[in-house]
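**Q** Here's a structure for you.
The numbers here are math on the coordinates, done by the rules we state, and not lab data. Remember, predicted model here, so these are calculated numbers, not experimental data. Glycine also receives a Cβ, built like all others from the backbone with ideal geometry; neighbour counts cover every protein chain displayed.
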C-alpha cells in the first residue's frame, strides 16, 4: 500500500468523524402528545345534486326530449336568484338502454342523462326548490347536503385549537414528572374530519305549510356540522 493511498484513507476517516459524531448523538429528551379539537358550526349552504334522465325507443327523440327537460330545469333554477356560478351541469351522456328479461340482457330503447348540481345559500328556498323540481318531468333528486361557506376558516381555527390542546396536555404531563416543556421539535397533522350532513325533508308537511319564510323552514333541521382536527406534537423535555 503506497503512502498516498494511506493518506487518502486517513483523510476520509477524519472528514467522516463529525458526521459519525452527530449520528451517534442520542436524541434529546422529548415528549410526544396528540391534540384534538372539534368545532360545531351551523350550516349556511346547501348543495343539491340532480339527475335528468329519460328513455325513448328512438335515440334522436330521446335526445330532443332530454334537451327540453334540461332546459326547463335550468330555467327554473335561474329564476330562483341563486348565487352567481352556482349551477353546474356534468355527466352528459346518451346511449343504448339495457334491461333484463328473465336471465337475458336485452336492449330496450335508448336513454339520455345529465347531472345538475347547484348551491343554495338561502335555506328558506328549500321548500320552493323541492316542490318546484318535483313538478318537472324526468328529474330525480340524488341528494341535498349541508355545508358552510367559511369551512376553511373554521378548519384553520380548529387546527390551532388542536395544537394548543396538545401543548396543554404536554405541559400537564411534564409538570407531573417535575419537568417542563421547551420548544416544539415536530408538528404533524394526523387527521381531519368534516361531517357533511344530509338534509331530510318532510314533503307532506311542506305542501300544507304557509308561504312565509318561517313556515318554509319549519320542517328543515340543519343541525350542526362537526369539524374535527387531530395533531401530534413533540416538545423538548426540560428536567429541572
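**Q** Please give, to one decimal in nm, the separation of the simple spin-label points placed at residue 128 and residue 78, each 7 Å out from Cα toward the Cβ.
**A** Between residue 128 and residue 78, the simple spin-label model gives 1.8 nm.
**Q** Calculate the FRET efficiency for residue 61 and residue 153 from the Cβ-Cβ distance with a Förster distance of 35 Å, rounded to the nearest 0.05.
**A** Numbers: r = 50 Å, r/R0 = 1.42.
The value I calculate is 0.10.
**Q** Another question, if that's okay. Over the Cα atoms of segment 70-129, what Rg and Dmax result, in angstrom?
**A** When restricted to Cα atoms, segment 70-129 yields Rg and Dmax of 17.0, 49 Å.
**Q** Distance from the Cα centre of segment 22-73 to that of segment 129-187, in angstrom?
**A** Taking the Cα centre of segment 129-187 as reference, the centre of segment 22-73 is 16 Å away.
**Q** How high is the FRET efficiency from residue 32 to residue 121, r the C-beta distance, R0 30 Å, rounded to 0.05?
**A** Working: r = 42 Å, r/R0 = 1.41.
Result of the calculation: an efficiency of 0.10.
**Q** Something else now. Could you give the nm distance between label points at residue 96 and residue 168, where each point is 7 Å from its Cα heading toward the beta carbon?
**A** 6.5
**Q** Could you compute the FRET efficiency for residue 142 and residue 39, with r as their C-beta to C-beta distance and R0 at 35 Å, rounded to 0.05? Mind dumping the intermediate values first?
**A** Working: r = 28 Å, r/R0 = 0.81.
Efficiency at R0 = 35 Å is approximately 0.75.
**Q** Still on this structure, please answer the following. Please list the equivalent ellipsoid semi-axes of segment 45-147, computed as the square roots of five times the alpha-carbon gyration tensor eigenvalues, in descending order and whole angstrom. Intermediate results must be reported in sequence, preceding the final value.
**A** On the way: eigenvalues 177, 40, 24 Å².
Over the Cα atoms of segment 45-147, the semi-axes work out to 30, 14, 11 Å.
**Q** Let me ask something additional. Sorted by mean Cβ packing within 10 Å, highest first, what order do the peptides 114-121, 68-75 take? Present the calculation step by step, with values, prior to reporting the outcome.
**A** Numbers: 114-121: 18.4, 68-75: 16.0.
So the peptides 114-121, 68-75, ranked by packing, come out 114-121, 68-75.
**Q** Semi-axes, largest first, in whole Å: what does sqrt of 5 times each Cα gyration tensor eigenvalue give for segment 90-159? Please report the intermediate quantities before stating the final value.
**A** On the way: eigenvalues 281, 66, 24 Å².
Values for segment 90-159, descending: 37, 18, 11 Å.
**Q** What full-extension length gain, to one decimal in nm, is calculated for residue 239 and residue 193 as 0.36 nm per residue of separation minus the Cα-Cα distance?
**A** Details: separation 46, 0.36 × 46 = 16.56 nm, distance 3.62 nm.
Taking 0.36 nm per residue and subtracting the Cα distance, the gain is 12.9 nm.
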